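Below: one structure, written as structure tokens.
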Amino acid sequence: MPLLEVINMSHSFGGLQAVSNYNLSLEPGQITGLIGPNGAGKTTIFNLITGIYKPDEGEVRLEGTDVVGQRSNQIAALGIGRTFQEMRLWRHMTVLEHVKMARYSKLSYGLFGAFLDSPKRRREEEASAELAMGYMQLFGVDQFADQLVVNLPYGAQRRVEMARALAMEPKVLLLDEPTVGMTPEEMEDMISVVRKAHERFNLAIFLIEHRLRVVRELCQHVQALVFGQVLVEGTPDDVQNDPKVIEAYIGEQEIDF
């Protein structure tokens, strides 16, 4: 049974068919890439899987259970974490606070314990901070723990977002263009970070990326999306050499993976 399975998912915005009969099967430890021109529907698929939108038709199954209709926070708690193309970071919070925030769904001391500053609250908060520091070390941002996240370089902010997503301990991680806006050096660092996280936690990863070299470096399986439909899927080499993908993605030029 796939870890994450999407079955015949469709969604429209008014008269615009954004996603049509989309299917995905993601096994534990698998990295699948989703490529396509701007406006193809890639981020819409992420939003449908994570509960930001509700599909008009179809199912989204996590470990065999359909999660369609559940709220985004409920789906995240079940084990689907994500990052965003446009980073969702808060200007007034430190790096440590950002990563600790992802642990709040795991805490059990409740409102009563918070008001009374109970021993249970102190134990759980200390454990949460320790775990957050571990994820920050993994992504090389632990030295920025007490700094406001907006003061960090762009590439480091992206790694903070990754650390926050992993602190939720997801079974499936959705990465929406993790290298967007990065320099070539920052891109290489991010490839290394994603590979390290995948190997350490045996994560299933679903990756949207325009930089096709990143897809080739990381993904075992690739889907090419055009106008909300999968045009072709297979290995990066299969997709790279498919004439339909070349025409739809970048015209008659050769795809540079």
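The values are calculated or read from the model by the stated rules, or taken from the named source; none is laboratory data. Predicted, not measured: the structure shown is a model, and the values here were computed from it. To get the accessible areas, we keep the full protein, side chains included, count just its heavy atoms, and leave off ligands, DNA and RNA. Shrake-Rupley method; radii C 1.70, N 1.55, O 1.52, S 1.80 Å.
Descriptive notes on the structure:
- DSSP bridge pairs, the chain: antiparallel proportion in percent, nearest 5: 55
- A probe of 1.4 angstrom, applied to the heavy atoms of all protein chains, finds residue 196 with accessible area near 90 square angstrom.
- Ellipticity estimate at 222 nm from DSSP helix runs (n ≥ 4, -39,500 (n - 2.57)) divided over the chain, nearest 500: -11500 deg cm²/dmol
- Pairs exceeding 23 Å between alpha-carbon atoms, taken from 171/196; 54/171; 54/244: 54/244.
- When a 1.4 Å probe is rolled over the protein heavy atoms, the share of accessible surface on the chain that falls to carbon and sulfur comes to 49 percent.
- Pairs of Cα atoms in region 27-92 fall into 5 Å distance bins, from 0 up to the last occupied one, in shares of 3, 14, 22, 24, 21, 10, 3, 1 percent.
- Rg/Rh (Cα only; Kirkwood hydrodynamic radius) as it applies to the chain: 0.99
- Top of 62, 34, 148 by mean-square fluctuation, Gaussian network on the chain, Cα under 10 Å: 148
- Stretchable slack from residue 66 to residue 247, in nm (0.36 nm times residue separation minus alpha-carbon distance): 61.6 nm
- The GNM of the chain, with springs linking C-alpha atoms under 10 angstrom apart, assigns the highest mean-square fluctuation among 43, 65, 179 to 65.
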